[in-house]
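The values are calculated or read from the model by the stated rules, or taken from the named source; none is laboratory data. Predicted model only: the values in this text are computed from it and were never measured. Heads up, the Cβs are rebuilt from the backbone with ideal geometry, glycines too, and the neighbour counts pull from every protein chain shown.
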Amino acid sequence: MKAAEKSTLFDRVVKATPGGEALAQCLQCGSCGGSCPSAVDMDHSPRALFAMINAGMEDEVLGSNTPWYCVSCYACTTRCPQNIPITDIMYTLKQMAVQRGHYDHPHAIKFSETFIGFVEQRGRGFEFGLATRYHLFHRPKQFLQPTQVFKMGAMGANMMRRQRLPVRPVSIREIDQLQAILAKAKVVAAKEMQA
């Protein structure tokens, strides 16, 4: 058997993620899930996903919607007491899921595409616009249910009161430079996919 065939899911995730070796230090404290603005839509919290990685539950991990709902806000990463690169691990899991064809979560992919659209347009995420655009265009029936409106409205109002949810998007300076970099990265990625 080749060495690559003997490696565990945990080993492959750690190897594919810069700083991923810190995953071995996960305390299962739940700070990541408690910090996540998208946790309510995830089928597993990040800490549950890490336990599943450690248990070798590859199909369940790569079939999870959790990485797809990550909005790359890095709140989990900055609050992790063990300095685990949680957001980067989510990127690794997305790549692994795509490579193995385990990404049958149309809503999660649409959520990710909506987020990426804001980053490409403005150079940064815009949570208020992300939640509104995603839910109105991809989940309008669920979004307009009274209980959902109340729940999301209360959470949004609380975040606005704490100045954690701006209602107007802000663009980075010299957005054209970022857009040129992203265009070049797409060309490189397309070439790699064809190889």
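Taking the stretch 74-105 as the region of interest, how many residues are more than 22 Å from SER35 (Cα to Cα) and either hydroxyl-bearing (Ser, Thr, Tyr) or touching a residue at least 24 places away in the same chain (Cβ under 8 Å) (or both)?
Narrowing the stretch 74-105 to residues more than 22 Å from SER35 (Cα to Cα): 95-105.
Narrowing further to those that are either hydroxyl-bearing (Ser, Thr, Tyr) or touching a residue at least 24 places away in the same chain (Cβ under 8 Å) (or both): 95-97, 100, 102-105.
Total satisfying the criteria: 8.
Which condition from (1) assigned to a helix (DSSP H, G or I); (2) crowded, with 16+ Cβ neighbours inside 10 Å is the one that LEU136 breaks?
Failed condition: (2).
Scanning for something over 20 Å from TRP68 (Cα atoms), charged (D, E, K, R), modelled with pLDDT of 85 or more and assigned to a helix (DSSP H, G or I), does the stretch 176-193 turn up at least one residue?
yes
Applying the selection to the stretch 144-165, what residues are touching a helix residue (DSSP H, G or I) at 6+ places or on another chain (Cβ under 9 Å) and within 22 Å of SER35 (Cα to Cα)?
Scanning the stretch 144-165 gives GLN148, VAL149, LYS151, MET152, MET155, GLY156, MET159, MET160, ARG164, LEU165.
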